[in-house]
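Visitor: Handing you a structure now.
The values are calculated or read from the model by the stated rules, or taken from the named source; none is laboratory data. Model, not experiment: these values are computed from the prediction. Reconstructed Cβ throughout: ideal geometry from the backbone, glycine too, with neighbour counts over all protein chains shown.
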Amino acid sequence: MTGAPGGVAVTMGFLNFLLLAVSLLASYGVASHQGGNKRPCPEPQEATDSKFQVAQVWKYKTRPNEEQSTLTILRIESLPKQGVIIHIRVDDIRLRNCTGGPEPNNIAHMPFSRDAIERSVVKLAKEAGAVPEFQDGYDEWRKACGGVYTITVAEAIEANQKTFNAGLGCGPTK
């Protein structure tokens, strides 16, 4: 379960949203690491970066009214065609629920290109925080031969907002 504002727990509906989001990555500024081939996915290699480190918490250029949101670096890897991939968790967001139901306040796993993270972050908030659990989301990403976001974090959250509402049967939100 994922916590939401007001202490509401988000259950299967949100899990279905996450699975939908993973499957729709390719339509929102995402580079795939399978490239349409039916071959097995390449195995990401652990990587290091001179600026970004696992467990860092960063402030980033947020969507309006989410200025307190932060991202936490979960894992850093590389793939030959994509280069460095930075896996993050985003906290203190508000995915508006068009049905009036629970509103998720975090996204547990999002893979980004290093360049997209560089264009998103504004200030290191904490050098070493706790690394939240993300293995389920990561495993789904690997199983789907998922891509990586090449757009900014705020743009990716907005894409997730649209996917969330589409999954609930609602049209686009403003």
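Visitor: Return the total of residues in region 57-96 being among the polar types (S, T, N, Q) and within 15 Å of Glu158 (Cβ to Cβ). Reasoning before the result, please.
Guide: Here is the first cut: in region 57-96, the residues among the polar types (S, T, N, Q) are 62, 65, 68-70, 72, 78, 82.
Add one more test, that the residue is within 15 Å of Glu158 (Cβ to Cβ), and what stays is 62, 65, 69.
Result for region 57-96: 3.
Visitor: Okay, next question. Could you tell me which of the residues Cys145, Cys98 is part of a loop (DSSP other than H, G, I, E, B) and in contact with a His (Cβ under 9 Å, 6 or more places away or on another chain)?
Guide: On the way: Cys98 fails: in contact with a His (Cβ under 9 Å, 6 or more places away or on another chain).
Criteria check complete, one pass: Cys145.
Visitor: Do we have any residue at all in region 153-161 that's within 15 Å of Thr70 (Cα to Cα), part of a strand (DSSP E or B), touching a strand residue (DSSP E or B) at 6+ places or on another chain (Cβ under 6 Å) and among the hydrophobic types (A, V, I, L, M, F, W, C)?
Guide: No, region 153-161 contains no residue that is within 15 Å of Thr70 (Cα to Cα), part of a strand (DSSP E or B), touching a strand residue (DSSP E or B) at 6+ places or on another chain (Cβ under 6 Å) and among the hydrophobic types (A, V, I, L, M, F, W, C).
Visitor: Same structure again: List, please: which pairs have Cβ atoms under 7 Å, are six or more places apart or on different chains, and start with a residue in region 77-95 that is within 21 Å of Ser50 (Cα to Cα) and part of a strand (DSSP E or B) and end with one that is of a type in the set (A, V, I, L, M) and modelled with pLDDT under 95?
Guide: Ile85/Leu79
Visitor: Do the conditions hold for Gly129, that is, is it assigned to a loop (DSSP other than H, G, I, E, B) and closer than 21 Å to Lys51 by Cβ? Walk me through it before giving the result.
Guide: On the way: assigned to a loop (DSSP other than H, G, I, E, B): yes; closer than 21 Å to Lys51 by Cβ: yes.
Here the answer is yes, as Gly129 does meet what is asked.
Visitor: Here is a further query. Counting just the residues of region 102-116 that are polar (S, T, N, Q) and in a strand (DSSP E or B), which one comes out farthest from Glu133 (Cα to Cα)?
Guide: Looking only at region 102-116, we keep the residues that are polar (S, T, N, Q), and these are 105-106, 113.
Those still in the list that are in a strand (DSSP E or B) too: 106, 113.
Values: Asn106: 12, Ser113: 21 Å.
Once the filter is applied, the top-ranked residue is Ser113.
Visitor: Let me ask something else. Which one of these does Thr2 not meet: (1) modelled with pLDDT of 50 or more; (2) of a type in the set (Val, Ile, Thr); (3) in contact with a strand residue (DSSP E or B) (Cβ under 8 Å, 6 or more places away or on another chain)?
Guide: Looking at each condition in turn, Thr2 falls short on (1).
Visitor: Same structure again: Could you say whether any residue in region 97-111 is at positive phi and surrounded by fewer than 16 Cβ atoms within 10 Å (Cβ to Cβ)? Explain how you work it out, then say what you get.
Guide: As a first pass, look at region 97-111 and keep what is at positive phi: 100.
Next cut, surrounded by fewer than 16 Cβ atoms within 10 Å (Cβ to Cβ) only: 100.
Checking region 97-111: at least one residue is at positive phi and surrounded by fewer than 16 Cβ atoms within 10 Å (Cβ to Cβ).
Visitor: Additional query: Does region 144-161 hold any residues that are surrounded by fewer than 18 Cβ atoms within 10 Å (Cβ to Cβ) and out of contact with any helix residue (DSSP H, G or I) (no Cβ under 9 Å at 6 or more places or on another chain), and which are they?
Guide: Those that are surrounded by fewer than 18 Cβ atoms within 10 Å (Cβ to Cβ) and out of contact with any helix residue (DSSP H, G or I) (no Cβ under 9 Å at 6 or more places or on another chain): Cys145, Glu158.
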